[in-house]
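This report refers to the structure that appears directly beneath it.
Bear in mind these aren't lab numbers, they're just calculated from the coordinates by the rules spelled out. Worth saying up front: this structure is predicted, and the values here are computed from it rather than measured. Counting neighbours? That spans all protein chains shown, and the Cβs are built from the backbone with ideal geometry, glycine included.
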């Protein structure tokens, strides 16, 4: 097993480093541990992350392993490019916690894993897409905004007449999101656009919506 010792992919502010070191001090085998940072998926327009302590000797082949201050950081190979240039900060919001500031954004394919690449490539300039986007903005989003939710058209199969919709805010990860889509969003879209055959939810509901890591 080898790891890649590169220039720092991610930096820690002084406050964030202090939080990590305080948490690390409470671990039984602190001297053997590193802070692991991984991209686990997509949340809204950005990535979702996992931060945890694990043995630095378990760093997998190709991982980036480096030291920031007194904190050893391990970033698995699949997350290195997605985290390049990132910064871990401490935020006072929501009771305080760590937040990862990342200049990188998901590619269209990463952000919409349930949409065929050839459909994404068509864009949203077609007649059905234009009408569906107008219905979402004019009729649907104002009604679900009271729940902190939003629905966006991310792709349209103009031939099969299928709309691909992603939910965000209060609707992402909500147990009622399936009902919201089938009985609210899809019903309204198909009433306004009778030729529309179906609406597909491509939301990553597992990611949730909270970007903070509690202290």
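With R₀ set to 25 Å, the beta-carbon distance separating residue 51 from residue 130 gives a calculated FRET efficiency near 0.05. Ranked for footprinting exposure by Cβ neighbours inside 10 Å, fewest first, 86, 146 give 146, 86. Extension gain, residue 14 to residue 107, is 30.4 nm, computed as 0.36 nm per intervening residue step minus the present C-alpha separation.
Extension gain for residue 117 to residue 192 (0.36 nm times residue separation, less C-alpha to C-alpha distance): 24.3 nm. Rg over Rh for the range 10-106 works out to 0.95, both radii taken from alpha-carbon positions and Rh defined as the Kirkwood radius.
Counting beta carbons within 10 Å around each of 185, 119 and listing the fewest first gives the order 119, 185.
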